[in-house]
2 protein chains.
Amino acid sequence: MSEASTPENVDISGRTVAVLGGTGDQGRGLARRFALAGHTVYLGSRSAERAEKAARELVAAEDADIDVRGLDNAGAAGAGDIVVVAVPWEGHKELLEALTEPLRGKIVVDCVNPLGFDKRGPYALPVAEGSAAEQAAQVLPESRVTAAFHHVSAVVLLDPGVETVDLDVLVLGEDRAATDEVRALAERIPGVRGVFGGRLRNAHQVEALTANLIAVNRRYKTHAGIRVTGL
Amino acid sequence: MSEASTPENVDISGRTVAVLGGTGDQGRGLARRFALAGHTVYLGSRSAERAEKAARELVAAEDADIDVRGLDNAGAAGAGDIVVVAVPWEGHKELLEALTEPLRGKIVVDCVNPLGFDKRGPYALPVAEGSAAEQAAQVLPESRVTAAFHHVSAVVLLDPGVETVDLDVLVLGEDRAATDEVRALAERIPGVRGVFGGRLRNAHQVEALTANLIAVNRRYKTHAGIRVTGL
């Protein structure tokens, strides 16, 4: 049962975090929460200027003294100890192919959901590698690729009125030490539990489940997440 | 918010329920819970004798007076108002192809998870139609096919020590009235919420997520389920 909380002996409080695609809603939301937890956060974007602007806005919006800096994606990938990939699915592979060098040896956290939308709503896109996370693992064989943060609502992450976030983050990966660190990173967001969710070959359905949660959001007018019961 | 509880004006208390594959653990577990809620339940099996034996055992195990009867799968499909498909993935299509006539016009609830297992654990099998539920919908165009009950642990359902079951059942389908009835059926199990989870084209990931929950079970020594937060 102790497995359900932060893994023992995993202290990530001194780690810096980079968020690639850090000017998007999901990226800014995660960056905000990690910065509020005390991490130095490097926002990455194709344009360093846009990243700097987004970083300044995040800092200005908080009463607390938080440390968020803007860089281009390569600079952020090099600067962060843990690198979160929150870019749009279009361009995901090309971006990572350009960053193999700065991401070498690092924990990479893919939180990309390959989804399409039509008049009937959201649906999962087919991915040749199986999932965004497996694509990242193929492109980055020398990085420690994990998958996590798929179901976290950007609106909730950015809402100053939401202090605790009511969901679990499923963390997938092959490397136990890496998934333990990412579980600990998830638990830097108040209310969140980081739960080991399986190997990367089972990442597709976790990414795709976001389509179901969007369907839930539309039906119930909410920002749905999931909790794992039995822990 | 009222959407999160049983849909208003949906009263399924007089409906009979058939469970195809009713002699398996999942089938017996669901049958037991529906019978305890007051439904007449028809267990279906390839062998009517095996179904009768399983039905007698379920009745004998309860102090309460429950009504469970065994039939062959075709007999059960004809007898139930709502028909739950809890057969193994192998043979799923062939079974349903043989039952198009008795299932015509009925609500069919597919709860089959196409999974494989190897030494690295569970994984989702590819399905030509996209998912077991979509296969059922293709084979049964004149039935009202829904998908639900994927994540319910058979061990928990069969455990007389577990009075309330701590999870939500995602109910998927195209037919609002049918998914509302299946949500109400899910809520006949104490503790369970039936939550609309999207269209059938988004059933694959709900079925496949069972592989992740099995990975959670192995890591945390539990019987994991999920709850949807934000409702």
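The values are calculated or read from the model by the stated rules, or taken from the named source; none is laboratory data. Quantities reported herein were computed from a predicted structural model and do not represent experimental measurements. Note that we place each Cβ from the backbone using ideal geometry, even for glycine, and neighbour counts take in every protein chain shown. Just the protein is used for accessible areas: all its heavy atoms, side chains included, with ligands, DNA and RNA removed. Shrake-Rupley method; radii C 1.70, N 1.55, O 1.52, S 1.80 Å.
What number of residues within segment B:118-139 are open to solvent by less than 10 Å² (accessible area, probe 1.4 Å) and part of a loop (DSSP other than H, G, I, E, B)?
1
Give me the residue from segment A:213-230 that is more than 7 Å from chain B (Cβ to nearest Cβ) and within 28 Å of A:A137 (Cβ to Cβ) and, out of that set, most open to solvent (accessible area, probe 1.4 Å).
Applying the filter and picking the extreme gives A:I214.
Kindly establish whether A:V156 is at pLDDT 95 or above, more than 7 Å from chain B (Cβ to nearest Cβ) and open to solvent by less than 20 Å² (accessible area, probe 1.4 Å).
Spelling it out, it is not the case that A:V156 is at pLDDT 95 or above, more than 7 Å from chain B (Cβ to nearest Cβ) and open to solvent by less than 20 Å² (accessible area, probe 1.4 Å).
I'm checking my understanding of the structure. Among residues of segment B:191-212 that are over 18 Å from A:Q205 (Cα atoms) and free of Cβ contacts under 8 Å to residues at least 60 places away in the same chain, which one is most open to solvent (accessible area, probe 1.4 Å)?
B:G191
Test each condition in (1) of a type outside the set (G, A, S); (2) over 15 Å from B:C111 (Cα atoms); (3) facing another protein chain (nearest Cβ under 8 Å) for B:T164 and report the one that comes out false.
The single condition B:T164 does not satisfy is (3).
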